[in-house]
Amino acid sequence: MRRYLVVANQTLGGEHLMSKVRECMAAGPSRFHIVVPASQPPEHMTHTEGQARALAGRRLEVALERFRAIGADVQGEVGDGNPVEAISDTMRLHAFDEVILSTLPPGVSRWIHQDLPHRVERLFDLPVIHVIADKEAAAAS
């Protein structure tokens, strides 16, 4: 069984990600673990960690429902606000075969600006599948 770590926040509900999950499931038995970094929402100038965790938690609950609705074996958690730390914390407890990293489009995505897809691949020595939300979905998030 392939084990996928799914890392997403604002793009967690996007069809681009669900399409990739369906593709992984079609390729063979799969298990998914979602980690949602409790990042500061870009539209909020001030926030508390509690607010960021609550927003990430709501996104996680919706995503778990969507994954299960298509038959995915899935669990998940809210992680550290720093995506690298969130991934690292999760990897200490679980083993994975690949990471699926979902981002906003270039120009909008802080994670792409931070070169997160390549950094994750180098730091954790795992293949990273980088999926990018379309501009319409990004505008809605």
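The values are calculated or read from the model by the stated rules, or taken from the named source; none is laboratory data. Remember, predicted model here, so these are calculated numbers, not experimental data. For neighbour counting, all protein chains shown are included, and Cβ atoms are generated from backbone atoms with ideal geometry for every residue, glycine included.
The table below gives the values:
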{"quantity": "Test: residue in the range 98-106 that is small (Gly, Ala, Ser), out of contact with any helix residue (DSSP H, G or I) (no Cβ under 8 Å at 6 or more places or on another chain) and crowded, with 16+ Cβ neighbours inside 10 Å", "calculated": "no"}
{"quantity": "Exclusive hit being hydrophobic (A, V, I, L, M, F, W, C), part of a helix (DSSP H, G or I) and on the phi < 0 side of the Ramachandran plot, set 100, 112, 34", "calculated": "112"}
{"quantity": "Flag for residue 85 being closer than 13 Å to residue 38 by Cα and either among the charged types (D, E, K, R) or touching an Asp or Glu at 6+ places or on another chain (Cβ under 8 Å) (or both)", "calculated": "yes"}
{"quantity": "Qualifying position, being within 21 Å of residue 13 (Cβ to Cβ) and loosely packed, with under 15 Cβ neighbours inside 10 Å, among 72, 54, 63", "calculated": "54"}
{"quantity": "Unmet criterion (only one of (1) more than 23 Å from residue 52 (Cβ to Cβ); (2) acidic (Asp, Glu); (3) within 12 Å of the chain's Cα centre (by Cα)) for residue 77", "calculated": "(1)"}
{"quantity": "Sole exception among (1) surrounded by 13 or more Cβ atoms within 10 Å (Cβ to Cβ); (2) modelled with pLDDT of 95 or more; (3) over 12 Å from the mean Cα position of the chain (by Cα); (4) charged (D, E, K, R) for residue 85, by number", "calculated": "(1)"}
{"quantity": "Among (1) part of a helix (DSSP H, G or I); (2) in contact with a Gly (Cβ under 6 Å, 6 or more places away or on another chain) - the single one residue 25 does not satisfy", "calculated": "(2)"}
{"quantity": "Residue 38 crowded, with 18+ Cβ neighbours inside 10 Å, touching a residue at least 40 places away in the same chain (Cβ under 8 Å) and either over 10 Å from the mean Cα position of the chain (by Cα) or closer than 17 Å to residue 123 by Cβ (or both)", "calculated": "yes"}
{"quantity": "The listed residue being modelled with pLDDT of 95 or more, within 17 Å of residue 132 (Cβ to Cβ) and out of contact with any Leu (no Cβ under 8 Å at 6 or more places or on another chain), out of 18, 25", "calculated": "18"}
{"quantity": "Lone unmet requirement of (1) without any contact (Cβ under 8 Å) to a residue 12 or more places away in the chain; (2) in a helix (DSSP H, G or I); (3) over 19 Å from residue 13 (Cβ atoms) for residue 107", "calculated": "(2)"}
